[in-house]
Amino acid sequence: MQRYLQIETLRRNQLQHFDSWAGTFGETVTSMELSPDGSGYRLQSRFARFVNVPELMQQFRQVADVQTAEMLKLPVPKLDQGRNRREPYSDQGYHGGQGIVFSINRADIGGD
């Protein structure tokens, strides 16, 4: 979102490229994982968590209108002994333990 709404701010802070942005606001973790063909293992780096969050939020709030539930005064359901008292929707009710059973005939899928 920042790339579309704040490109000048990103350029001014030299964060217009993803690698520089990710290096400033993210932390990566490298771990071993099985290769897609299953022939061995390889190192894989993944984006693990955000860092410098106050600075990132300060930049983002320059263009975003962030509203909290308290500001919007949204209705909140009452809790009964720590649980929500909301009733399940009609299609989420109890089905008597009946499950859906799938049966596949090998002839249907081109087997013997």
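Observations on the model:
- Here the contact order of region 1-63, divided by its residue count and restricted to Cα pairs under 8 Å and six or more residues apart, works out to 29 percent.
- Neighbour-count ranking [beta-carbon atoms within 10 angstrom, fewest first] of Tyr41, Tyr4: Tyr4, Tyr41
- For Gly26, residues with placed amide H under 5 Å, excluding near neighbours: Val51
Taken together, the values in this text are just the output of simple stated rules run on the coordinates, not laboratory data. Fair warning: this is a prediction, and the values are worked out from it, not measured in the lab. Reconstructed Cβ throughout: ideal geometry from the backbone, glycine too, with neighbour counts over all protein chains shown.
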